[in-house]
1. Give LEU53, LEU30 a once-over and let me know the one that is over 22 Å from LEU9 (Cβ atoms), without any contact (Cβ under 8 Å) to a residue 24 or more places away in the chain, more than 15 Å from the chain's Cα centre (by Cα) and not in a loop (DSSP other than H, G, I, E, B).
2. Hand me the list of strands (runs of 3 or more DSSP E) wholly inside the stretch 81-160 holding 2 or more residues that are without any contact (Cβ under 8 Å) to a residue 24 or more places away in the chain.
3. If you check THR14, THR8, which single one turns out to be in contact (Cβ under 8 Å) with a residue 60 or more places away in the chain and under 21 Å from TRP127 (Cβ atoms)?
4. Read through the list (1) closer than 30 Å to ARG136 by Cα; (2) surrounded by fewer than 14 Cβ atoms within 10 Å (Cβ to Cβ); (3) not aromatic (Phe, Trp, Tyr), then give the number of the only condition that LYS78 fails.
5. Considering only the stretch 5-28, state which residues are farther than 16 Å from LEU59 by Cβ and in contact with a helix residue (DSSP H, G or I) (Cβ under 7 Å, 6 or more places away or on another chain).
6. Given the residues ARG136, ARG85, ARG75, ARG98, which is the only one that is among the basic types (Lys, Arg) and closer than 22 Å to LYS20 by Cα?
Amino acid sequence: MENFVEYTLPYKLTAADQAKRAAYAGLPILVGVFLIMYLGLLGVLLCAGLCYLAYRLYLSFFFEWEYTLLEDEIRFGKIINKERRKELSKISIAKTERYGPIENMPHINCKVISYLSNQGEQPCYYWLCSNEKGERVCILFQPDERILKVFEARARGKKQ
């Protein structure tokens with residue numbers, strides 16, 4: 001039985017993200033003005049480089065989470081500005097300790113990784129498992145119905 005599900009979820013910027021985005025846009029311009037005043041032509045070149053770097057950082061705030069399920073493995077990725085894809089982690093469902101709605105999440109002492117969109121449209125789930133390195137992690141994510149069906153079939157008896 002082959003299961004393949006690909007699901008993307010746009011990320012909504014928080015207030016902290018918006019403040020960082022504004023700083024990444026404004027700070028290079030201010031630094032560039034001082035560079036131009038004190039270094040002349042070299043300052044113009046450095047300012048252009050800083051502005052390009054600021055532009056790339058600014059675009060990195062526009063992304064979508066991507067959940068890809070193939071058979072027994074879920075890959076979490078990030079699609080940045082609809083042009084660059086970055087794979088963040090991949091974990092086997094067989095390594096599941098427990099999972100369930102985020103409201104039922106027990107107090108756990110491990111690394112927590114959030115792949116939440118901050119939009120509140122989809123229900124949020126936690127997934128306690130082991131990653132590729134064997135470390136115990138808790139993943140917060142928002143799966144759709146197709147991914148939940150595979151979870152229920154592959155991780156029987158581990159739902160909380």
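Every number in this text was worked out from the coordinates using simple rules, so none of it is lab data. Fair warning: this is a prediction, and the values are worked out from it, not measured in the lab. Here the Cβ is made from the backbone with ideal geometry for all residues, glycine too, and neighbour counts use every protein chain on show.
1. Residue meeting the stated conditions: LEU30.
2. Answer list for the stretch 81-160: 84-92.
3. THR8
4. Among (1) closer than 30 Å to ARG136 by Cα; (2) surrounded by fewer than 14 Cβ atoms within 10 Å (Cβ to Cβ); (3) not aromatic (Phe, Trp, Tyr), the lone unmet condition for LYS78 is (2).
5. VAL5, TYR7
6. On inspection, the qualifying residue turns out to be ARG85.
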